[in-house]
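The values are calculated or read from the model by the stated rules, or taken from the named source; none is laboratory data. This one's a predicted model, so the numbers in the text were calculated from it and none came from an experiment. Counting neighbours? That spans all protein chains shown, and the Cβs are built from the backbone with ideal geometry, glycine included.
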Amino acid sequence: MSLARNTAVIGGLTLVSRVFGFARDLILAAVIGAGPVADAFYAALRFPNLFRRLFAEGAFSQAFIPVYAKTLAEQGEEAADRLASEALSVLVFATSVLTGLAILFMPWINRVMFAGYADNPEIFNLATLLTQLTMPYLIGISVATLFSGALNARGRFFAAAAAPTLFNIALLISAAFFHDDPVEAAIAAAVAVSISGVLQAVWVAWGARRSARARGRQVWR
């Protein structure tokens, strides 16, 4: 692919994602509203996003992608894929443990994260439930980021650039089916967040499998 084509692919898909994101924000505002339920939902997004920046978009990506690219260039595809497989195992284990602990201890964690509603048990408990429902998103998005980094290092950009759109689509679908009650809409949206993480991981893993088949190799196990 040429630089111009890569730029067009990434820019075009980013634009599509932004359009879906704008529609998502409008529709969620309409079905959830702008009161305490909305506060609980966006508080629920804040906690997995905090760790996403560490595992998916922060320190992990900055450490993994250069090492993967260097291994690919100096030691070949087999060594690079072995590195990716080992990193994937560690990443899934670490994020699964963190997710499980966060779900278990969320009633106490939210006394700090959502302290403003500690005197409102109904909204506080809703925020705790929503955060527990969104936490599995961390596992999916971390896996998706690892596959995306490896694909980008190989000059494959489409699958990774298209993946974020699935987040917006999942939330739009949840709002389409659960729009009569703000609490139900917020719960459905929280579930959709975690589902979108799985969808993104599966989508980018499929892209990696296609890339591996094109090279006559098996995708990492």
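Summed over the stretch 59-84, the residues that are surrounded by fewer than 13 Cβ atoms within 10 Å (Cβ to Cβ) and within 20 Å of the chain's Cα centre (by Cα) give a count of 3. Take Phe158 and decide whether it is more than 28 Å from Val97 (Cα to Cα) and over 20 Å from the mean Cα position of the chain (by Cα). Taking the combined requirement at face value, the residue does not satisfy it. Criterion applied to Ala84, Ala73, Ala115 was being of a type in the set (Gly, Ala, Ser) and touching a helix residue (DSSP H, G or I) at 6+ places or on another chain (Cβ under 8 Å), and the one residue passing it is Ala84. Among the residues making up the stretch 42-58, a single one is of a type in the set (A, V, I, L, M), surrounded by fewer than 19 Cβ atoms within 10 Å (Cβ to Cβ) and either more than 30 Å from Ile109 (Cβ to Cβ) or touching a residue at least 24 places away in the same chain (Cβ under 8 Å) (or both): Leu45.
Quick check: anything in the stretch 87-106 surrounded by 13 or more Cβ atoms within 10 Å (Cβ to Cβ) and modelled with pLDDT under 80? Scanning the stretch 87-106 turns up no residue that is surrounded by 13 or more Cβ atoms within 10 Å (Cβ to Cβ) and modelled with pLDDT under 80.
The single residue among Ser174, Ser148 that is more than 25 Å from Ala30 (Cα to Cα) and crowded, with 22+ Cβ neighbours inside 10 Å turns out to be Ser148.
Does the stretch 167-221 hold any residues that are of a type in the set (D, E, K, R) and modelled with pLDDT of 85 or more, and which are they? Listed by number, the residues that qualify are Asp181, Glu184.
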